[in-house]
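Here's the structure, in structure tokens; my notes come after.
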Amino acid sequence: MIEFERKERYGFEDLLQIMKILRAPDGCMWDREQDHHSIRRNFIEETYEAVEAIDNEDSELLKEELGDVLLQVVFHAEIESEKNVFDIGDVTDGICKKLIFRHPHIFSETQVSSTGEILENWEHLKQAEKHQRTAADTLDSVARSLPALIRADKVLTKAAKAGFDWESVDDALGKVREELQELEEAVHQGNNAAEELGDLLLAAAGVARFIGCDPEQSTVQSCEKFISRFRQVETLSEGRPLGELTLDELTALWQQAKESARLP
């Protein structure tokens, strides 16, 4: 049994010590076997669970999920520390320096009059910090590991800041119609359908910018709406397996579910 002081309340240093114990030669076999790649998905899943707690406005769950995210940060930092590359101190030092550098209106003499100016300064400082010399560099810097619609929104936003943008939402909608037509042609011709579908989704993300919504969140909400209506269709089918219903019957039930959702 490893010596460890049990406490009524633990702090950040205790978390670091626990991680070192788990990764030690006589620690946990599973924890010792992990590397960045093996726990990469864990990081993603824990982050999404924290986001779900935010969406549900569940503070107690958010507290727990933030702990799980923090564990992933400490885990990855410990792996690098064992290789003498960097440790958690370097991580905290780096983020502190970044915050100070990117808030010159707080930690220096820069004057600002709006949050818009703050965000504009942030982008300029970020570009300098990351040695991004061209507008294309800023687009290329958007993480490829992001969910596709989030990445699309960020890429298009950065392109717009460089002056590459539609003049109105009508122009953006016109691009959606154009891409839809190209998708239809590709489907019928049997080539490049996947590429054209991607172009259509990107164009839709462009519309989202003009109407002030998050395309990722809009898709999430549509998924929830679809599930709710699908459940209603099952209820309306009165126990009959949906696979036994004709397309016309399913369409009628779907329309009924849709109409009932609109009732006050």
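The values are calculated or read from the model by the stated rules, or taken from the named source; none is laboratory data. These numbers were taken from a predicted model, which means no experiment stands behind them. Counting neighbours? That spans all protein chains shown, and the Cβs are built from the backbone with ideal geometry, glycine included. Surface accessibility is based on the protein's heavy atoms, side chains included, excluding ligands, DNA and RNA. Shrake-Rupley method; radii C 1.70, N 1.55, O 1.52, S 1.80 Å.
Across region 40-87, the mean sequence separation of Cα contacts (distance under 8 Å, 6 or more residues apart), normalised by length, yields a relative contact order of 31 percent. Centroid-to-centroid, using Cα positions, region 160-194 and region 94-134 are 35 Å apart. A simple rule links phi to the HN-Hα coupling: the Karplus curve 6.51 cos²θ - 1.76 cosθ + 1.60 with θ = phi - 60°, which for region 181-187 gives 4, 5, 5, 4, 5, 5, 5 Hz, with x for Gly and Pro. Centre-to-centre separation between the Cα atoms of region 31-60 and those of region 4-28: 20 Å. Quick check: at a probe of 1.4 Å, how many percent of the accessible area of the chain sits on carbon and sulfur atoms? Using a 1.4 Å probe with all protein chains present, the chain comes out at 55 percent carbon and sulfur. Per residue, the chain reaches -23000 deg cm²/dmol at 222 nm when only DSSP H runs of four or more residues are counted, each adding -39500 (n - 2.57).
Coupling constants for region 75-82 follow from the phi torsions by the Karplus curve (6.51 cos²θ - 1.76 cosθ + 1.60, θ = phi - 60°), and in residue order they are 4, 5, 5, 5, 4, 6, 5, 5 Hz; glycine and proline get x. Rolling a 1.4 angstrom probe over the protein heavy atoms with all chains in place gives the chain an accessible area of 71 Å² per residue. Relative contact order, whole percent, for the chain stands at 9, derived from Cα pairs under 8 Å and 6 or more residues apart. The residues neighbouring LYS98, those whose beta-carbon lies less than 12 Å from its own, together hold a net charge of +2 under the Lys/Arg +1, Asp/Glu -1 convention.
On the beta carbon distance between SER237 and GLU184, with R0 = 25 Å, the FRET formula returns roughly 0.20.
Note on the chain: with charges restricted to the Cβ of Lys and Arg (+1) and Asp and Glu (-1), its dipole about the Cα centre is near 420 debye.
Taking the alpha carbon gyration tensor of the chain, multiplying each eigenvalue by 5 and rooting it gives semi-axes of 42, 31, 20 Å, largest first.
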